[in-house]
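Visitor: Dropping the structure in here first, questions after.
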Amino acid sequence: MKDIKDILTQALYDLYEYESKNGKNTYQEYTEADFRTYVQESVDSILPKLSFYFIDDSILKFNTESDDIFFKSHNKQWGTLIEKLERFISFSVFVGSEINEEFRLSASETNDVMFDVLIKLHARASLASNEILCLIKNGYPDAALSRWRSLYDILVIFISIFTYGPECAEKFYHHHIVDKFNNLNKSKQAKDNYPEKYKDLVVDDDQAKQTEELYNYLLTTYGKKY
């Protein structure tokens, strides 16, 4: 538990330093001494609620009932590290769920696109993380690495939107219209060029027209580079 306490304490100090350097005023009423007291009280309050995520390494072992020689060897060499990853993912999913439950209604009422985009990206990251965990547990490191690259892509998008704010979130949120428009155009072109090959391909003209109108609106709003 001492390691977890150190991690939480350092995270709060880092947040304080980051906000101070970037002109944010969340903690401006705190002196450094006051903030240290606040950190200690916060950590003491948070840790008991999180204790079930950070249980002793010897308690959880995956595939312990299996007689398979691979799982026995795999568990012996990597079990502790994998269990820590599993608890970290579990905690991350828990936090995301709690945040979504607490702020979803107000975000919907205020049409907070940034919140909606970030919480969905977190959900995608959680899914990818669990896929990675499953692959690692069962001895597929190359496949896990492939999914890890996808997780990294999600992280880059998340940080970019978090950094550049609501306008970036809106552009990301609406860009599926551009993708849909381009895909519809490719479908229509394929059907026109190879009518026999794509005779069963149905393109809804009304849907295509509606998508084109939205597409043109987005280009007018964000510019042709969008």
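Visitor: Can you spot a residue in region 192-205 that is of a type in the set (Lys, Arg) and in a helix (DSSP H, G or I)?
Guide: Scanning region 192-205 turns up no residue that is of a type in the set (Lys, Arg) and in a helix (DSSP H, G or I).
Visitor: If you go through region 51-78 one residue at a time, how many are out of contact with any Gly (no Cβ under 9 Å at 6 or more places or on another chain) and modelled with pLDDT of 60 or more?
Guide: 9
Visitor: Further, regarding this structure: Which residue pairs have Cβ atoms under 6 Å apart, sit 6 or more places apart or on different chains, and have a first residue in region 7-20 that is without any contact (Cβ under 8 Å) to a residue 40 or more places away in the chain and a second that is surrounded by 13 or more Cβ atoms within 10 Å (Cβ to Cβ)?
Guide: Qualifying pairs under 6 Å: Leu8/Val43; Thr9/Val39; Thr9/Val43; Leu12/Val39; Tyr16/Tyr27; Tyr16/Phe35.
Visitor: I'd like to check something: does region 145-157 contain any residue that is more than 30 Å from Asn75 (Cβ to Cβ), hydroxyl-bearing (Ser, Thr, Tyr) and in a helix (DSSP H, G or I)?
Guide: Scanning region 145-157 turns up no residue that is more than 30 Å from Asn75 (Cβ to Cβ), hydroxyl-bearing (Ser, Thr, Tyr) and in a helix (DSSP H, G or I).
Visitor: From the list Leu135, Leu201, which residue is among the hydrophobic types (A, V, I, L, M, F, W, C) and closer than 21 Å to Glu86 by Cα?
Guide: From the options Leu135, Leu201, the qualifying one is Leu135.
Visitor: Among the residues of region 206-226, write down those that are open to solvent by 90 Å² or more (accessible area, probe 1.4 Å) and not in a helix (DSSP H, G or I).
Guide: Lys224, Lys225
Visitor: Looking at region 100-132 only, could you name the residues that are open to solvent by 70 Å² or more (accessible area, probe 1.4 Å) and either in a helix (DSSP H, G or I) or touching a helix residue (DSSP H, G or I) at 6+ places or on another chain (Cβ under 8 Å) (or both)?
Guide: Correct list: Glu101, Glu102, Phe103, Arg104, Leu105, Ser108, Glu109, Lys120, Arg124, Leu127, Asn130.
Visitor: Considering each of Leu15, Leu81, Leu85 in turn, give the residue that is open to solvent by 70 Å² or more (accessible area, probe 1.4 Å), assigned to a helix (DSSP H, G or I), aliphatic (A, V, I, L, M) and at pLDDT 65 or above.
Guide: Leu81
Visitor: Give me the residue from region 151-194 that is of a type in the set (Val, Ile, Thr) and in contact (Cβ under 8 Å) with a residue 12 or more places away in the chain and, out of that set, most open to solvent (accessible area, probe 1.4 Å).
Guide: Per the criteria, the residue is Ile157.
Visitor: Also, quick follow-up: Just to be sure I understand, how many residues within region 195-226 are without any contact (Cβ under 8 Å) to a residue 24 or more places away in the chain and of a type in the set (Ser, Thr, Tyr)?
Guide: 4
The values are calculated or read from the model by the stated rules, or taken from the named source; none is laboratory data. Because the structure is predicted, anything quoted here is derived from the model rather than measured. A quick note on method: Cβ atoms are made from the backbone with ideal geometry, for glycine too, and the neighbour counts reach across all protein chains shown. Please note that ligands, DNA and RNA were not included when accessible areas were found on the heavy atoms of the full protein model with its side chains. Shrake-Rupley method; radii C 1.70, N 1.55, O 1.52, S 1.80 Å.
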